[in-house]
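For reference, the structure is listed below as structure tokens.
The values are calculated or read from the model by the stated rules, or taken from the named source; none is laboratory data. These numbers come from a predicted model, not from an experiment. Here Cβ is always computed from backbone atoms with ideal geometry, including for glycine, and neighbour counts include all displayed protein chains. These area figures cover heavy atoms from the full protein model, side chains too; ligands, DNA and RNA do not enter into them. Shrake-Rupley method; radii C 1.70, N 1.55, O 1.52, S 1.80 Å.
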Amino acid sequence: MTVTTSMARVNLNDDTVIQVMPFTDTHTLYMLMLTCRSFYRHGAMYLLGRGVTLQSDTQINSFNSFILTDNRHRIPLPLILRWSYLDPSKPLSQEGGVLLVNIVRLLASADSIVSLTLVSAEMLLLSVSGLAGIIADLRSLKHITIDSLGRLCSKTLQSSRSSLVSANVKIEEGWEESDPPLEDKVPMYFLRNSQQTLEKLSVSSFSSSPECPIYPAVSHLRVDDPEGPGQICDYVYAFPNVRKLTAYGWGRYAPTSAFRMQYRARNRSDLELLGSWASLQEFSGSITSLYLLGIPERIPRLSINDKKAHVTRDMLPAVLDDARPEHLTLDLSRPAGQLHADTLQSVFSLPSLSQVSRLELVLAMYENDEWYSLLQNLGEVIATFVIRPLESLDTFRLRLGCEHLQDKVRSVKPLDPTRVSTTLEALDLEAVALTIREARPTLQSVIVQVLGHHASPDRTVRLGAGA
């Protein structure tokens with residue numbers, strides 16, 4: 001038999017294989033691995049590096065078979081492992097638990113697991129005997145995410161032999177009400193084995209003390225606590241070198257304006273005693289959180305919103321006067337749907353915004369009189385009340401969110417249910433962008449977007465740099 005050129009084996013270039021893999025789903029890539037030597041060689045590393053999620057006995061068995069098919073090459077590969085124990089009515093079988101422990105032990109022997117995510121973590125560790133001890137003995141972990149941390153999870157982290165770079169910890173709801181000891185419930189205590197290496201930390205509740213360990217390498221800190229952002233001294237004590245702070249607590253415990261002002265004043269006083277927090281360069285989160293923290297430092301990059309909180313008129317000017325940002329993302333998607341031109345004027349005429357060079361303004365539209373009036377003359381309103389007062393502005397983005405246009409419950413005075421939508425569809429975005437740019441010819445970039453409208457695709461108009 002004569003082998004023609006068309007029948008000869010073709011060796012795919014490695015770069016071609018690597019470029020194709022991100023566009024394939026897991027099943028397709030596995031089929032390619034069974035039929036192509038190049039995909040077989042690179043596919044395992046890609047699949048394990050992209051992450052393996054286990055949720056059932058079947059998936060544990062499949063993953064075990066995949067690993068053992070070529071254990072010499074696959075076991076040492078870096079692995080991102082996720083366990084989602086979401087349905088208590090379908091618990092892991094005893095055989096599945098034993099197999100899971102054996103898999104983790106095998107991978108641990110090769111220091112393969114670099115990232116671990118445990119959903120319903122406390123339930124998982126309590127139901128699978130021996131798993132907590134093996135996780136604590138891992139030396140290769142760099143990133144960990146714990147959902148529903150309880151006592152056993154906390155003890156596991158306290159015993160961990162890994163030097164973590166990032167940790168995302170959500171404490172089990174109601175567990176803190178049992179009044180566990182500080183070392184079990186405070187992240188700075190149960191993560192102390194990573195005191196010198198931890199760079200990013202995200203927690204669902206926050207408390208500290210002057211005696212807690214200090215984390216000098218943490219540069220990114222996130223707190224999502226519905227009770228509020230906590231006391232500023234807790235942050236500065238434990239994380240003196242934070243560059244980016246994200247806080248989305250909205251102060252459920254601070255129901256009155258007088259209480260909020262008192263809390264803010266106490267935080268400002270504490271920070272004065274501790275000295276400046278000069279490392280802070282960026283804040284992202286709710287206006288309420290930043291107001292309660294009372295940080296008097298200049299924050300060059302600021303991204304704030306008024307969602308999930310009843311923001312009083314004095315809060316936004318107060319936090320902007322403190323921060324004096326250069327880059328500002330301001331989301332005024334008020335749940336009530338009320339937005340007036342004088343709101344924009346009162347905000348952007350503040351002297352504290354004179355140094356803003358980049359501005360992203362996010363507005364959510366509703367079916368009401370205020371938005372109908374605003375859309376009639378959108379370009380001129382933004383040019384007059386937003387652009388002209390900002391003398392240093394060189395980049396501007398306006399995002400109009402349409403997700404609530406059909407939300408009749410939250411709409412204010414809904415008259416014609418399609419009046420705003422119809423006006424929006426007829427809106428000339430390019431004319432709006434040109435009006436904005438004419439108000440300040442030095443603008444290098446103007447972007448206007450309409451996003452999330454139920455009856456039309458997203459629209460974007462760009463003028464200037466990057467157009």
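Taking only segment 272-301 into account, find how many residues are part of a helix (DSSP H, G or I) and either touching a Leu at 6+ places or on another chain (Cβ under 9 Å) or within 25 Å of Asp331 (Cα to Cα) (or both).
7
Residue by residue through segment 53-62, note down the ones that are touching a strand residue (DSSP E or B) at 6+ places or on another chain (Cβ under 6 Å) and part of a helix (DSSP H, G or I).
Correct list: Ile60 only.
Restricting attention to segment 242-274, and to residues there that are of a type outside the set (Gly, Ala, Ser), surrounded by 16 or more Cβ atoms within 10 Å (Cβ to Cβ) and under 22 Å from the mean Cα position of the chain (by Cα), which single residue is modelled with the lowest pLDDT?
Trp250
Output the number of residues of segment 339-388 satisfying the condition of being over 13 Å from Leu424 (Cα atoms), among the acidic types (Asp, Glu) and at pLDDT below 90.
The total comes to 3.
Which pairs have Cβ atoms under 9 Å, sit 6 or more apart or on different chains, and link a residue in segment 297-324 that is under 23 Å from Leu274 (Cβ atoms) and at pLDDT below 90 to one that is surrounded by 15 or more Cβ atoms within 10 Å (Cβ to Cβ) and charged (D, E, K, R)?
Note: pairs meeting the criteria are Glu297/Asp322.
In segment 374-399, what residues are part of a loop (DSSP other than H, G, I, E, B) and charged (D, E, K, R)?
Hits for segment 374-399 are Arg388, Glu391, Asp394.
Quick one: which of Tyr30, Tyr40 is at pLDDT below 80, open to solvent by 80 Å² or more (accessible area, probe 1.4 Å), more than 30 Å from Ser93 (Cβ to Cβ) and in a helix (DSSP H, G or I)?
When all the criteria are applied, what remains is Tyr40.
Restricted to segment 58-95, and to residues that are of a type in the set (Gly, Ala, Ser) and either closer than 16 Å to Leu116 by Cα or at pLDDT 80 or above (or both), which residue is surrounded by the fewest Cβ atoms within 10 Å (Cβ to Cβ)?
Once the filter is applied, the top-ranked residue is Ser65.
I'm checking my understanding of the structure. Among residues of segment 424-436 that are of a type outside the set (A, V, I, L, M, F, W, C) and over 12 Å from Leu398 (Cβ atoms), which one is modelled with the lowest pLDDT?
Glu425
Out of the helices (runs of 4 or more DSSP H) lying entirely within segment 147-200, which hold 2 or more residues that are open to solvent by 50 Å² or more (accessible area, probe 1.4 Å)?
In segment 147-200, the matching helices (runs of 4 or more DSSP H) lie at 151-158, 182-185.
Kindly provide the set of residues from segment 344-373 that are open to solvent by less than 20 Å² (accessible area, probe 1.4 Å) and either part of a strand (DSSP E or B) or among the β-branched types (Val, Ile, Thr) (or both), ordered by number.
Of everything in segment 344-373, those that are open to solvent by less than 20 Å² (accessible area, probe 1.4 Å) and either part of a strand (DSSP E or B) or among the β-branched types (Val, Ile, Thr) (or both) turn out to be Val347, Val356, Leu359, Leu361, Val362, Leu363, Ala364.
Only residues that are in a strand (DSSP E or B) and within 13 Å of Val114 (Cα to Cα): list them for segment 133-146, please.
His143, Ile144, Thr145 - these are the residues of segment 133-146 that are in a strand (DSSP E or B) and within 13 Å of Val114 (Cα to Cα).
Do we find that Thr395 is open to solvent by less than 50 Å² (accessible area, probe 1.4 Å), at pLDDT 95 or above and either closer than 17 Å to Leu443 by Cα or out of contact with any Cys (no Cβ under 9 Å at 6 or more places or on another chain) (or both) in this structure?
yes
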